[in-house]
Each structure stands twice: as structure tokens, then as C-alpha cells.
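For reference, the structure discussed in these notes is given below.
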Amino acid sequence: MFAATLFCQVLLAAAVFALPTSKERLAQRLARRAGGLTRQSQPKLVSSAPVTESKAALNGTTSNLIYSENWTGAVLSQSTATYTSVTGTFVVPTPQEPSGGSGAHYASAWVGIDGDTCGNAILQTGLDFNVDGSSVSYDAWFEWYPDYAYDFSGISFSAGDSVTVTVTASSATGGTAEVTNESTGQTVSYTFSDQTALCQYDAEWIVEDFSTDDGLVPFADFGSVTFTGAAAGTASGETVSPSGAELIDLVQDNQLVTSVSVGDTSVTVSYIA
């Protein structure tokens, strides 16, 4: 009896010591992403499913509104604009599992160029919100679709932090992605070159249900994300606001999941499901 008990204790101790540390989990996540096995944004997936809520009641208007299965937010689209930069600042939310949901759920806030009317490539950067029970974490990333996403290192986030995300296209095939935690003073950036060519038709402020190899991830209740200081630059040197942008509502399982509104320099996306 003593020997059996001791053997069980040894096994339990071995299992505890075998649990990966936070650094090891980060290394594993980076390795999976480097192998193209996990996170990737996708171009906007248009949804034609019926909706059980009134968009007019939620958004106050029915103009410039469409449904999507994976995007929610605002998009400026103009084939003659040649967008060269997009920026916005938001407060990091505390994500929750949706009502009736359990297990890990995710959402991502980002700014980008292309992916709406031009699906060849997307230059984008943003922040993932991850929740699993009482565990909440955040990952900053950069991506030039159709390549997958890469995590930034050297920056961390907490709920309530103010974060600025910016992408700049120096050409159709190169540019930069930058994330700044205004609350901590940390800034990270990445420079791209020799990528799949952008059209530079679309400027975006988006909350996304991103993809893995298994399809769309379970979508988190992110509360509300407001991009302030939202602006896009063009090749002509003009700075334009999201006012008048096309609004995108997320629809899943025939249910309206989000509500979107825009101002002269802001885009607000709220979870309503």
C-alpha cells in the first residue's frame, strides 16, 4: 500500500514538473505560428444569412451596412485613393466567454490596408484578446496576408492600457507595422519587403474572428472597442477620416453579434450577442 501511494505521488510530481512554463508556452505558440499552424487573418467573408435583429434599430441607419462572418468594423474603399497608412488607438478590453460558452474564446482588433475589395494581400497589425475561464491574455502581432501572423516580442498589455496600432505602406510590396502601448511606453515594429502586392484600395478598422487550420476560432465577448484618432493617409498626402465608411456587422448562426458606429475620428465596435 505504501509503495503504491509513493508511486502515485511520484507520478503526480512528475506531471507537475512536466507542465510548460509561461516562457515555454510562448515558445510553443511562436513555433506553431512560425510553422503556419495557427493564427491567420482572412479577407472579409460576406454573409448572406438572415439576421434575427434589426440593424436599423442597433445602428440608427441602414445605409453603408453589410454583414460578414469574420469582420466587424469600418472600411473606406476607393480604387483611386491609394491608401498608404492607417492608424487608430483603443483601450484594451477584458474579454469574456460569451453567455452559454465555455473554453477558450478569441477576438482581435486591428488596422489594415486591403482585404475588402482587394483580397490579394492585407498589410495589418493588431492585438488578440484571449480568454479561457478566468485566464485572460493578449498577443500583439503583424501580418502581410497571404502569409500568416507573427507575434511581436518585447511588449505586454493589461486591460485598460491605451494601445496605438499603425500600418504604413511604403510601396505596394513593402511597409511597416507598429504597435505602441501608450500606457507603458513600449513600442514594437516590423518592416516588410518583397511581399505580395497590395492594391491599396481599402483602409480598415476591424475587430475580427480570426482563423486557424480548423477554421474560425470561437469568438469572445470583447465588450466594446473604440478606435480613436482613426485616420488613413493617401499617396496624394491627404489624411481622411472613417466618417462615411462602410460599416460591417458580424453575423454568426443567423444572429447579429456586433453593432458598429463611426464618427469623424472614431470607430466603435460593440459586442451585443
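The values are calculated or read from the model by the stated rules, or taken from the named source; none is laboratory data. Values in this document were obtained by computation on a predicted structure and should not be read as measured data. Cβ atoms come from the backbone with ideal geometry, glycine included; neighbour counts cover every protein chain shown.
For the list (1) touching a residue at least 24 places away in the same chain (Cβ under 8 Å); (2) under 24 Å from G154 (Cβ atoms); (3) over 15 Å from the mean Cα position of the chain (by Cα), I need the number of the one condition that G185 fails.
Result: G185 fails condition (1) only.
Under 7 Å by Cβ, and 6 or more places apart or on different chains, what pairs join a residue from region 129-151 that is of a type in the set (D, E, K, R) and at pLDDT 95 or above with one that is buried (at least 22 other Cβ atoms within 10 Å of the Cβ) and not in a strand (DSSP E or B)?
Listed by first residue and then by second, the contacts come to E143/S41; E143/A149.
Here is a list: T191, T117. Which entry is surrounded by fewer than 18 Cβ atoms within 10 Å (Cβ to Cβ), in contact with a strand residue (DSSP E or B) (Cβ under 7 Å, 6 or more places away or on another chain) and in a loop (DSSP other than H, G, I, E, B)? Steps first, please.
Details: T191 fails: in a loop (DSSP other than H, G, I, E, B).
Just one listed residue meets the conditions, T117.
Kindly indicate which of T166, T117, T176, T89 is over 19 Å from P218 (Cα atoms), more than 16 Å from the chain's Cα centre (by Cα) and in contact (Cβ under 8 Å) with a residue 60 or more places away in the chain.
Working: T166 fails: more than 16 Å from the chain's Cα centre (by Cα); T176 fails: in contact (Cβ under 8 Å) with a residue 60 or more places away in the chain; T89 fails: more than 16 Å from the chain's Cα centre (by Cα).
Selected residue: T117, the only one of T166, T117, T176, T89 that is over 19 Å from P218 (Cα atoms), more than 16 Å from the chain's Cα centre (by Cα) and in contact (Cβ under 8 Å) with a residue 60 or more places away in the chain.
Could you pull out the residue among D209, D253 that is at pLDDT below 95, buried (at least 24 other Cβ atoms within 10 Å of the Cβ) and closer than 25 Å to G119 by Cβ?
Details: D253 fails: buried (at least 24 other Cβ atoms within 10 Å of the Cβ).
Of D209, D253, the one residue that is at pLDDT below 95, buried (at least 24 other Cβ atoms within 10 Å of the Cβ) and closer than 25 Å to G119 by Cβ is D209.
Step by step: first the residues of region 131-155, then only those that are in contact with a strand residue (DSSP E or B) (Cβ under 7 Å, 6 or more places away or on another chain) and hydroxyl-bearing (S, T, Y), then the one that is farthest from D202 (Cα to Cα). Which residue is that?
So, considering only residues that are in contact with a strand residue (DSSP E or B) (Cβ under 7 Å, 6 or more places away or on another chain) and hydroxyl-bearing (S, T, Y), the one farthest from D202 (Cα to Cα) is S137.
Restricting the search to region 231-259, which residues are among the polar types (S, T, N, Q) and either more than 28 Å from D221 (Cβ to Cβ) or in a strand (DSSP E or B) (or both)?
Pass one, region 231-259, residues among the polar types (S, T, N, Q): 234, 236, 239, 241, 243, 252, 254-255, 258-259.
Answer for region 231-259, where residues must be among the polar types (S, T, N, Q) and either more than 28 Å from D221 (Cβ to Cβ) or in a strand (DSSP E or B) (or both): T234, S236, T239, S241, Q252, Q255, T258, S259.
Any residue at all in region 68-82 that is assigned to a strand (DSSP E or B), on the phi > 0 side of the Ramachandran plot and either out of contact with any Lys or Arg (no Cβ under 8 Å at 6 or more places or on another chain) or among the hydrophobic types (A, V, I, L, M, F, W, C) (or both)?
From region 68-82, those assigned to a strand (DSSP E or B) are 68, 71-77; that's our starting set.
From what's left, on the phi > 0 side of the Ramachandran plot: 73.
Restricting the remaining residues to those that are either out of contact with any Lys or Arg (no Cβ under 8 Å at 6 or more places or on another chain) or among the hydrophobic types (A, V, I, L, M, F, W, C) (or both) gives 73.
Yes: one or more hits.
Which of (1) polar (S, T, N, Q); (2) closer than 30 Å to D253 by Cβ; (3) free of Cβ contacts under 8 Å to residues at least 40 places away in the same chain does T80 not meet, given it meets every other one?
(2)
Considering region 207-230 alone, what residues qualify as being assigned to a loop (DSSP other than H, G, I, E, B) and β-branched (V, I, T)?
If we filter region 207-230 for residues that are assigned to a loop (DSSP other than H, G, I, E, B), which is where we start, we get 209-210, 213-214, 217-218, 220, 222-223.
Answer for region 207-230, where residues must be assigned to a loop (DSSP other than H, G, I, E, B) and β-branched (V, I, T): just V217.
Do the conditions hold for A109, that is, is it small (G, A, S), assigned to a strand (DSSP E or B) and touching a residue at least 12 places away in the same chain (Cβ under 8 Å)?
Details: small (G, A, S): yes; assigned to a strand (DSSP E or B): yes; touching a residue at least 12 places away in the same chain (Cβ under 8 Å): yes.
Here the answer is yes, as A109 does meet what is asked.
Hey, T94 hits all of (1) modelled with pLDDT of 95 or more; (2) out of contact with any helix residue (DSSP H, G or I) (no Cβ under 9 Å at 6 or more places or on another chain); (3) buried (at least 19 other Cβ atoms within 10 Å of the Cβ); (4) more than 14 Å from V207 (Cβ to Cβ) but one; which does it fall short on?
Unmet condition: (3).
Report every pair of residues separated by at least 6 positions or lying on different chains whose Cβ atoms are under 8 Å apart, first residue within region 234-262 and at positive phi, second surrounded by 18 or more Cβ atoms within 10 Å (Cβ to Cβ) and of a type in the set (V, I, T).
G244/V262
Mind checking which residues of region 151-186 are surrounded by fewer than 17 Cβ atoms within 10 Å (Cβ to Cβ), in a strand (DSSP E or B) and not small (G, A, S)?
none
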